[in-house]
Structure formats: structure tokens, C-alpha cells
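The values are calculated or read from the model by the stated rules, or taken from the named source; none is laboratory data. Bear in mind that the values here come from a model prediction, so they are computed numbers and not experimental data. Here the Cβ is made from the backbone with ideal geometry for all residues, glycine too, and neighbour counts use every protein chain on show.
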Amino acid sequence: MISSRIRGESLVGECYTDQEWFDLDLDEIFAKQWIFVATEPEIAEPGDFVTVEFGTRSVIVTRDSHGVVRAHHNVCRHRGARLITQPNGSTGTIVCSYHSWTYGTDGRLMYAEAQTPGFDKRCYSLRSVAVRTIAGLVFICFADDPPADIDDVARTVEPYLAPHRLAEARVAKQTDLVENGNWKLAMENNRECYHCGGHPELLNVFFPTWGYDSSDAIPERLAAVVDRYRRATTELTDTWTRLGLPYPRIAQLDTRPTGFHIEREAMDLAGESFTLDGTIACTRPLSDELPDRRLGRLSMHLQPNMWLHITSDHAVLFSVIPISPAETLVRTTWLVNSAAVEGVDYDLDRLTGVWEITNQQDADLVALAHRGISDPAYIPGPYGPSEFQVEAFVNWYVTRLRANLGLDVEQQSATDQIAESA
Amino acid sequence: MISSRIRGESLVGECYTDQEWFDLDLDEIFAKQWIFVATEPEIAEPGDFVTVEFGTRSVIVTRDSHGVVRAHHNVCRHRGARLITQPNGSTGTIVCSYHSWTYGTDGRLMYAEAQTPGFDKRCYSLRSVAVRTIAGLVFICFADDPPADIDDVARTVEPYLAPHRLAEARVAKQTDLVENGNWKLAMENNRECYHCGGHPELLNVFFPTWGYDSSDAIPERLAAVVDRYRRATTELTDTWTRLGLPYPRIAQLDTRPTGFHIEREAMDLAGESFTLDGTIACTRPLSDELPDRRLGRLSMHLQPNMWLHITSDHAVLFSVIPISPAETLVRTTWLVNSAAVEGVDYDLDRLTGVWEITNQQDADLVALAHRGISDPAYIPGPYGPSEFQVEAFVNWYVTRLRANLGLDVEQQSATDQIAESA
Amino acid sequence: MISSRIRGESLVGECYTDQEWFDLDLDEIFAKQWIFVATEPEIAEPGDFVTVEFGTRSVIVTRDSHGVVRAHHNVCRHRGARLITQPNGSTGTIVCSYHSWTYGTDGRLMYAEAQTPGFDKRCYSLRSVAVRTIAGLVFICFADDPPADIDDVARTVEPYLAPHRLAEARVAKQTDLVENGNWKLAMENNRECYHCGGHPELLNVFFPTWGYDSSDAIPERLAAVVDRYRRATTELTDTWTRLGLPYPRIAQLDTRPTGFHIEREAMDLAGESFTLDGTIACTRPLSDELPDRRLGRLSMHLQPNMWLHITSDHAVLFSVIPISPAETLVRTTWLVNSAAVEGVDYDLDRLTGVWEITNQQDADLVALAHRGISDPAYIPGPYGPSEFQVEAFVNWYVTRLRANLGLDVEQQSATDQIAESA
């Protein structure tokens, strides 16, 4: 399979639809990059675990008895049985259901009945997976040599994230939505607001000017919005400065292995949260040290599979988990202050409503995109000015795929060769 | 994959069961031949459209604002989203749900928001598909160079079809039935009446002598039927002559790219229509100019995917749409005079009953055939004398596949090589 | 695909999960070895038949009008339709539903309507399949040259089986359970009792010492069980000797083409049958000539796809039928004396309860094993001392696969090459 790409245009169809390409994505992107798997509040106590599946790979992410976050392959070292089938829970030891081989939460084999005298338990620890926490976000990497720039990224984004105290928060809700489209379409869909006309609820508070590089390119009909956006930004910049919250946009989506984008942005109407009128959904602030209601949003993307928004009252995080060429799980997690009480401090439907609706709208659009792209009549089309982050995602993807496959990445000029495989 | 064929015997199993061969059928037969997609009454008014899917290909067939029948690929020129997901409807413009790119029914891009000044809308019309109407039947061809003999075919069959005024009729009912077998088995099943013992309802009016080339080959037990068939034919020939309706059989199933077969035939019992007693199902004639009740049937096959029967009171049309190697959609459309009123001029169950039952019986037989042919123990068997049109279909298929693949078609002698592919 | 195997360790994952390997298993193991398909009581009378499907292959096993057990490919010689779709029944002739070609139960074509004078029915008999009965068990082989050692095996096992009169028994119940794992995992699961902690109901009567080659390896916690097992064995040996029932273990799982294992073993508690307290489930003995209640169990495995247990009151037989790489049908058949009356001599739930529960527990374990083995993180692990029969099954499998593929089987030393294919 050989494919080519014209800069400024969408990828060819087979990248999204072929099983062979999907396997490549799992092996060369999801098994070699840092991927987001959970928030620390999901594994708050020793013995807490979550399991996440990326294709046939399954990882156990757990906090061991010393409080250390660890990740293990979810496969018994005896005859290979899957160890944990629940998506989350809490346990003192990891016991295989088949022949009762028993592992500690740190991965060591503690017990295996009826073995020969020479059997050395130390040779049969669970195979470990690289794990890394950043300000309450848990990332893993299946590769033996994970991208080293995660240290850089962590140093850069931690000052933005840390004041919001995600590690000390509590999960208010987590939902799983299966979209009928390729995972890359789910990511691309999140990189532009050119389609935001399809999100009337979100648009109450989300400025549709987002994603336009310069105001020149913004459509005439948005002139009034641009004005509101500028005033809100000016106001908020003072707040951020006063509170010592870093806010400048850092856009490194396609300039490093662990591509990311982080920024603070104003929001419309009351400007406080993702609700229909923009007022807070939770009366207790997410971080006890940031009681101001009107903080706008802190938003971060990290490739290949996550983005988040943090407002004064809650955080909402999204992870993208490929299932098949045409199926993608989008997991959404809402965090609130661990002391916030449902029904008292927040109404759950109000807290989650705007993004639940928006997620379903995005799922419908991704499904349409996948169906059309599967048609042999599809040919790559031109990105518009407000889709430059989609272009950046695609650049990153092509570069990573080539680099992880060991192919030359220098000659990325007008036409880029993506991949060659049997 | 290399395969061979012995004349007079059925095809080898992999032609019917392999995904690779199915893809070949879609790309080399369905994307290169003229295929039947709709009747004109389904798109009677400007803005009316139907969409039809052949594998991952989807086509929009529509009547534009000038009344011209057009066909477009159902794919947005921006980022490839599927444009229309409804099977049929009516619209002034074709608007993409993703980013609101808006096309005319003639395919021109009318609107795309927020593009750079240099953006030229004229470069982004919908990709068009060749379309051709013949006496009310709509055919499309996905190829850039459709088979040119369609002009010949049209000149030949239009005198047979035109008097029945299909373009001015109305759809009384349309049903979709998914058969669990390969599309070629659905076509072969329609090319012989050797299996008609399985159709007791149809046999009331359909002479089972159909498909026997000479009366010598007709089984003894059908002697009385042959006699009735001859008498009815003699009678009807006078009627057809009097009305100026052409009736001689034209059999060109395997002698041209657009293989077809057309003939008028007598029917049994009252000889008027496909009902249990052979009397008409609709009191208003299909064509106002042909009020005689007893016209027998005009039947046409056109390869690869359609056949029809027209009686004095209605027309019934069948299209075959491959879904997967083992799944085929058979769409049946009943047309009546546009002035006919359900419940007054016809009872819908009586109009459609015989073919609804017959279709299900055929679906069961096709499913049995597919299951057995999938067995490695299957070896091609001999066609009998009444299966010569099955043989003709298979000849046509092998010749078209080779020709469309650019392989030599001359050496079709005792053993024919069908195809070579990786 | 090339793979290697370390003796003493489980197979690599792709043997269990890849479609290509699954096709190899069907073609090189299931289409070339003797496989168990039915018991004679299922086809007791002339005209009785069962059909069994192995992938796309279907076989009709029937008793012809002369009482001879026969096996035919379930495919019409005309255009390949599947002939019989019911799993079992009784018929005088085999009539194709498509064009009514009619065959005798002996496979001869008796009738085909409307053929040319030269048509010779003798050329179109059903394609036959090799069939062999052993003491009431029916085996077939799809190959033209079935493994010849079946005669040897029959001579060896018939003296063990014959006294129990399986051919004269009656089917009390037959169940089909689809396990979500590869067929080899279902077979391996049955070759060891290291996992028997997962079978609390079965363990009431089944000594978990089974599968340990020497008592040295038996875990300490089973000391009391070993003691009971030895006393029960001593007692039963006298009974078996008195009744002339052969009992020594014959273990030829990996030393011949038709690998098997047969033995008589004591059972725990009352020691009579597979019930919660070990007493008989049917008051009428399976064989009228063996009225002793306490006979322990006669157990036989025969590769690739069957095992059975016979107690004084009933027999329970298991057959393993691959469906897909990750799906396996396990069919369980309970036989009782043909004169035993349900509700009088036995309660059906009590007769079948222990194995119904045990089957479901095994299905759950096989599914876990399959999921973990599908993970790229799976690497073969070490068999323990009580898993030597699993190792024997795997040895047999690798040897047979290589032999049936025509590869060298001599160099099976520390590392064995399994197979090479495109």
C-alpha cells in the first residue's frame, strides 16, 4: 500500500477505511505514542484499577499498595488468559481465573500452584507498560522506548493544569459513545469549529471564532461575535494575570512527537461554564484555591487521542479509542471538586447536558464523513482557513507514521509519501 | 486467483463466495456496465431524488430544476462526507450536513463558507455519473466510457416498451428483500423455470414451458400445458398484431456488452395479469391507450441487474443490488396508471401478492444454492436443456469480466480462463 | 506465516487467532483426520440422518435402507445447492429443494427431470465421505486417504467400550454450546484438571488428582484426596477384574496419527456417576449386562475433536466443532439404556446437571484464554507438571499439521517449526 498526500488537502480514503491501515494505526501510532487512558481520580486509592483496550491490547492501570501508579499488560504469564475483564474496580491482588496464578498490584507473581522445584516466580511478573502522570492525567506507552519529549511537554503544560487540582477531583460521570467512523475522523472533527453550526447548544457559550488564525478570515456573519469575543478576552486576561494563571496559546501539534496544543480562551454569555446560559453548573469550584466563577476555559489537545476543557467549576476530558476501521469509542469524563455533592452542589444533567448533546452531534457527523470517504468517488478536498489545526493533526499523523515505521521523514514537501507496506 | 470454466457447467465456487471476487464484480461489472437504478416515476418532479448504493459507491439520481435526469456521486467535494442518506425524497439544493457546502441539483457548488479569496467554486462540482433513460427506465454507469451499445439496445427495446407508458405511471409499491446468496445466483435463478415447481402461486399463470428452447425437451408431464400455451400464443399474436405491439423474442444475452432479452409471451388461465386466477389486479389499464385486458406479458432482462414484466394493468420491475458475497438486495417495484386509486381501482395485496410470495421462495432457493456452493465438496454440474439462459448469463459474465479487466476474450472455447488477479 | 514452538510451552498466539491459521486447521486437520460426528443411536433406523458442519463443509451421516451407515457430502451434483438443512431427521430419499434431483440414502442419483438423452445418472451420485463406526461411535474422514491407523485404534479401544453397549443406547439429551474461543483452547482445556478449582460441582466426584503423572507433583493441599483416590482405585480394580473390564491406561495422544487416550478411573463419594453425591442418575444400568452401580468411569479422548465418559448408568460424549477462529461449538450428548424412561428411571436435570454447569464454566475459561492470547503482549508460558496432556495434544497438533502439509516432521526437537504458508 503506497499513498501520497497533498498538503492542504484531506487524506486519501484508504487511510480511514482499510483494515490493513487500521492495524498500522494501532501498531505504529497507538502502540508507540503516549496515549491518555484515565484520570488519577479514577484510581484514587491503592488497589484501584481501570482496564482499557486498544484493539486486542489491554492494559491494567492501577495504584499499587505503595500508592505508585503502574500499568501492566492484562495477560497471564502462564497460558495467556485475560486477567481482568471489568473496566474498573479495586483489588488487593490480581488473580487469574484460569489456574489461580496470583500477582501483586505491582505486577510480581506471588503464587503459582503445583510447579516443579526449579520454577522461578521472578521470571513471570506481569509485563509492564510505561506510565506517566501529568497533573492528574494518566498516560501510558506500549513501546519499550516511549517518545522522550513527554518530559518537555509535562514541564510546559503542568503550570497551566496544576492550579485546577485534577488529581484531587472526583468523577461525576463517565460515558462511552461508539462513533461509526475512523478514529482519525473523530480527532479531525475536534480540530475545527467550521462545522459548529451543527452544535447549537454548544454555540451558546463556545465562540465559533475558535480555529480562525486571523480575524480576516472570519465570515462576515460572525462580526458581532468577534466583537464580543474580543471584549471577553480583554476582561479575562486581567483575571488570569491577577491569579497567576498562564494563558498564552502554545501550538505544537505537528512540531514534536507528542504533539499538543494548550490555551486559555474566553467563553460567551456568562462565560463561566458549558451550560446553556454560561453560568456555572457546580456551585463548588473545581479547585478550592480558584473560587472565581468566570475563568473562561483552559483547553488542551494531546495527540493521538485526547482533549479536555477546564472551567472554574468542572473539567471535561475526552479520550478516543479505536475499535475497528469504522468504529471509535469516545469516552467522556466529568470531574468536579471531590467535596461537591450531587443534587446539592450540582445537577448532573445540567453539568453534562451540553457535551452529551454535542458528542452525539459529532458522532453523527463523523459517521457521515466515514461513509462518504469509503466511496471510491471520494477524492481529497481542500481545507479552508479555519481548518488549519486539522491540517496540523494530519501532518503530525503522517510524520509519526513514517517515523515510527522507520521511513524517511525529511522529504515532506508538496507531496508526502505516507507509508509502504505489503 | 485463476479459474477455469467448462461450457455447459456452472461456475466454480469461489466466483460466488470469495470477498476478492466480489470486489472484482463490483469494480469490473457494476462499476463498468450500465445498471438499472430506478424508474422515472420515482423522480417525477424537479428536485425528486433517489439514492442507490452499490457496495461503498452511492449515487444520487435526481431530476434537476430544468427537468433533466442527472446522476451524481453522493460525496461532498470538501472533506468527503456522504451528502444524502435518505433512500429518496425531494429537495431544492443538496446541502452537506458537515460544513454546509451547498450544491444545485445539477451538481454545481453554489456555496462554501469562509474560503480564501482564490477559492474557485467551479472546481468543486459534484462528480457526475453517466445516466440514460429508456422508455421510463433509468440506467447509470460509473465508468468514464460506458458501453456504447446502449444506443443500439435502446433503439431495439423502446418500440416494445414505449406503448406501456412507464414514464407516466405511478409507483404503487416498492419492496426490498435481502437474499442470503451471491448476486449472480439471484440472476441465474431468474433465468430458468426448471425450478418453478417451487412457485405454486406463480405457476397458476406463468407457463412452465418458459425457457425450453424446443418443445422436444419439455418433460412429458407438461404435455397439457404445452397445448394450452400454444393456443394462448396463437390467440395473442393476433391481438399484438392488431395493436401494433412488437412481440418477437430478441435474445442477445451473451452477444453484446449490454446483454438483454425481450419477448412477449402468453399467460395461463385468464391470461391478463400476475394474479391467482390470471385476471387483472387493477381495473384501470397501465397505458390509457392500451385498454385490452388480455395482452399477456412483455418481459425484458438486461444484464447485469434487472428484469421486468408488463401486463395490461401494471408493470413489475426487479433490480439486483450486491451487498456482500453472500447478500443481495432484490428491489421490486410495482407501477400502475398514475390515475389509478388504491382501494378503488386496485387492492394492493392482490396486485403484489403473487410476486411477494415468489420472491421469498426464490430467496430461499438462492440461500440454499449459496450454502452448497460454499462447500469445498461442490463441483460444477451440468446445465439441462431448459437452463440455456443461465448458461447465456454465465457466458456474458465471463466475457465481460475478462473484457473489462483487459484480458483476452477470444479464446473462449471448451475451457475458458476467467480471471487472473493477485 | 512461519512459527516456532518451544517444547514445554504453549503455542504462539496466531495459531489461535488468525483466520488464515483457522482455515489451515479446517483443511489440514479437520479435513484429513478422523473426526467424531455422532453416536449410532442418533441414526438408529434406516433413513435416519444427522448433518454436521465443519466450516463450509457439511456431511450427511445416514443409515441407508440396508442398515449400512454412510456419509455423503451435503451438496447437490446439479448446481450445488445444499440438500439437507435440518440437523437431523428421517427420510426415504434425499430430494434437492431447487430442481428436485432425487438421491437414495446410499447416495445414488435416482431422478433428474428433463435431461438430454445422453445424461447418465450414474455419473452424478452424491460425493461420498469415508465413515467408520467403533462400538457405537461414528467417525468420518473427508480425505481420500484417511489415516490407516484407525484399525489399530479400533482394535485397542473396542474391548473397553463394547461392554457398555453404546450402539443400543438411546439419546436422553443433546446440547450445543458455542464457546468464544478457538477449538484448540477447548481441547486443551479438557486435557488438564489444573483448572478444576473452577468446577466446584464436578469436583464432588471427579478426583482433581487426574492429570498428575506421579503423586510427587500433587499439591500438598490435595493429600487427603490422594488417599481417597488410592483406596477407591484399589477397590474398583477388583470389580473391573471380576467383570472382565479392561482398565489399564493407554496413552497414545501424540504417538500416532489418530491420537487417543483411554483409561478407567475411580470416582469420589459414592463413585457411581456424575451427580453431586456420586450416586447414579439413572436406575436402569446403561448396559443390561453390567448391573453394578459402582464402576467408576471409562474415559476416552480421541483427537482432534472428542472425549467421553461412561459410568454404570449413562454415557456422556463431547464433540468439538470449529466455527471461526474465536468460536467453537461444543456438543454434549447423554446416552442411557434404550429402555430407560424419563421421569421414571431418571430425572433429566439430575442426569445432565453437573456437566451442563461444568460446560458453561469451561466456556467462560476458554473465552478468557482466547481474549488474552489475542493480545500482542501474550508470550507462550510454561506448562506445569499436571499439564502434560496439554503438551501431548499440542505435540500431536504440530506433528499432524506438518505431516498433513507434507512438511518434514523429523526435526521436532527443542524448537519445532510448525508451518510455512503464503
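Within the range B:212-255, the set of residues being more than 14 Å from every other protein chain (Cβ to nearest Cβ) and not in a helix (DSSP H, G or I) comprises B:Gly244, B:Leu245, B:Pro246, B:Tyr247, B:Pro248, B:Arg249, B:Ile250, B:Ala251, B:Gln252, B:Leu253, B:Asp254, B:Thr255.
Being surrounded by fewer than 21 Cβ atoms within 10 Å (Cβ to Cβ) and in contact (Cβ under 8 Å) with a residue 60 or more places away in the chain holds for only one residue in C:Asp277, C:Asp292, and it is C:Asp277.
Residues in the range B:369-382 that are surrounded by 24 or more Cβ atoms within 10 Å (Cβ to Cβ) and of a type in the set (A, V, I, L, M): B:Ala369, B:Ile373.
Residue check: is A:Tyr98 assigned to a strand (DSSP E or B) and not assigned by the TED database to the domain that holds A:Val178? No, not satisfied. The residue of the range A:55-70 that is nearest to the other protein chains (Cβ to nearest Cβ), among those that are out of contact with any Phe, Trp or Tyr (no Cβ under 9 Å at 6 or more places or on another chain) and part of a strand (DSSP E or B), is A:Ser58. Please determine, by comparing only the residues of the range A:362-409 that are among the small types (Gly, Ala, Ser) and under 15 Å from A:Arg7 (Cβ atoms), which one is farthest from the other protein chains (Cβ to nearest Cβ). Residue satisfying both the conditions and the ranking: A:Ala392.
Here B:Leu317, B:Leu335, B:Leu351 are screened, and the one residue that is on the phi < 0 side of the Ramachandran plot, aliphatic (A, V, I, L, M) and not in a strand (DSSP E or B) is B:Leu351.
The set of residues in the range B:43-54 that are in contact with a Phe, Trp or Tyr (Cβ under 9 Å, 6 or more places away or on another chain) and either closer than 21 Å to B:Ala315 by Cα or not aromatic (Phe, Trp, Tyr) (or both) contains only B:Ile43.
In the range C:354-361, the count of residues that are at pLDDT 95 or above, assigned to a helix (DSSP H, G or I) and within 13 Å of chain A (Cβ to nearest Cβ) is one or more. Taking the criterion of being over 13 Å from A:Cys76 (Cα atoms) and either in contact (Cβ under 8 Å) with a residue 40 or more places away in the chain or of a type in the set (D, E, K, R) (or both), the residues of the range A:98-120 that qualify are A:Thr105, A:Asp106, A:Glu113, A:Asp120. Identify the residue in the range A:223-259 that is β-branched (Val, Ile, Thr) and in contact with a strand residue (DSSP E or B) (Cβ under 8 Å, 6 or more places away or on another chain) and, among all such residues, is farthest from A:Ala392 (Cα to Cα). Of everything passing the filter in the range A:223-259, A:Thr233 is farthest from A:Ala392 (Cα to Cα). A:Gly181 falls short on exactly one of the conditions (1) buried (at least 20 other Cβ atoms within 10 Å of the Cβ); (2) within 19 Å of the chain's Cα centre (by Cα); (3) farther than 27 Å from A:Ile323 by Cβ, and that condition is (3). Look at B:Arg77 and say whether it is among the charged types (D, E, K, R), in a strand (DSSP E or B) and either more than 8 Å from chain A (Cβ to nearest Cβ) or more than 13 Å from A:Leu368 (Cα to Cα) (or both). The answer is no for B:Arg77. Taking the criterion of being touching an Asp or Glu at 6+ places or on another chain (Cβ under 8 Å) and within 27 Å of A:Thr56 (Cβ to Cβ), the residues of the range C:352-368 that qualify are C:Asp362, C:Ala363, C:Val366, C:Ala367.
Buried (at least 23 other Cβ atoms within 10 Å of the Cβ), farther than 16 Å from B:Leu126 by Cβ and either in contact (Cβ under 8 Å) with a residue 40 or more places away in the chain or among the hydrophobic types (A, V, I, L, M, F, W, C) (or both), is that true of B:Thr17? Criteria not met by B:Thr17. Inspect the range A:143-153 for any residue being within 14 Å of chain C (Cβ to nearest Cβ) and either touching a strand residue (DSSP E or B) at 6+ places or on another chain (Cβ under 9 Å) or in a strand (DSSP E or B) (or both) and give the result as yes or no. Scanning the range A:143-153 turns up at least one residue that is within 14 Å of chain C (Cβ to nearest Cβ) and either touching a strand residue (DSSP E or B) at 6+ places or on another chain (Cβ under 9 Å) or in a strand (DSSP E or B) (or both). Does A:Thr85 satisfy the criteria of being within 9 Å of chain C (Cβ to nearest Cβ), among the β-branched types (Val, Ile, Thr) and within 32 Å of the chain's Cα centre (by Cα)? Criteria met by A:Thr85.
Within the range B:88-124, can you find the residues that are among the β-branched types (Val, Ile, Thr) and either facing chain A (nearest Cβ under 10 Å) or under 18 Å from A:His370 (Cα atoms) (or both)? Those that are among the β-branched types (Val, Ile, Thr) and either facing chain A (nearest Cβ under 10 Å) or under 18 Å from A:His370 (Cα atoms) (or both): B:Val95, B:Thr116. Among the residues of the range B:394-408, just one is of a type in the set (Gly, Ala, Ser) and part of a helix (DSSP H, G or I), namely B:Ala403.
Condition check ((1) modelled with pLDDT under 95; (2) at negative phi; (3) surrounded by 15 or more Cβ atoms within 10 Å (Cβ to Cβ); (4) out of contact with any Cys (no Cβ under 9 Å at 6 or more places or on another chain)) across all residues:
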{"residue": "C:Ile60", "(1), (2), (3), (4)": "no, yes, yes, yes"}
{"residue": "C:His73", "(1), (2), (3), (4)": "no, yes, yes, yes"}
{"residue": "C:Thr91", "(1), (2), (3), (4)": "no, yes, no, yes"}
{"residue": "C:Pro117", "(1), (2), (3), (4)": "yes, yes, no, yes"}
{"residue": "C:Leu137", "(1), (2), (3), (4)": "no, yes, yes, yes"}
{"residue": "C:Ile140", "(1), (2), (3), (4)": "no, yes, yes, yes"}
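Entry remark, the range C:175-198: residues being more than 10 Å from every other protein chain (Cβ to nearest Cβ) and over 30 Å from C:Asn88 (Cβ atoms) number 1 in total. The criterion of being among the charged types (D, E, K, R) and surrounded by 17 or more Cβ atoms within 10 Å (Cβ to Cβ) does not hold for A:Arg249.
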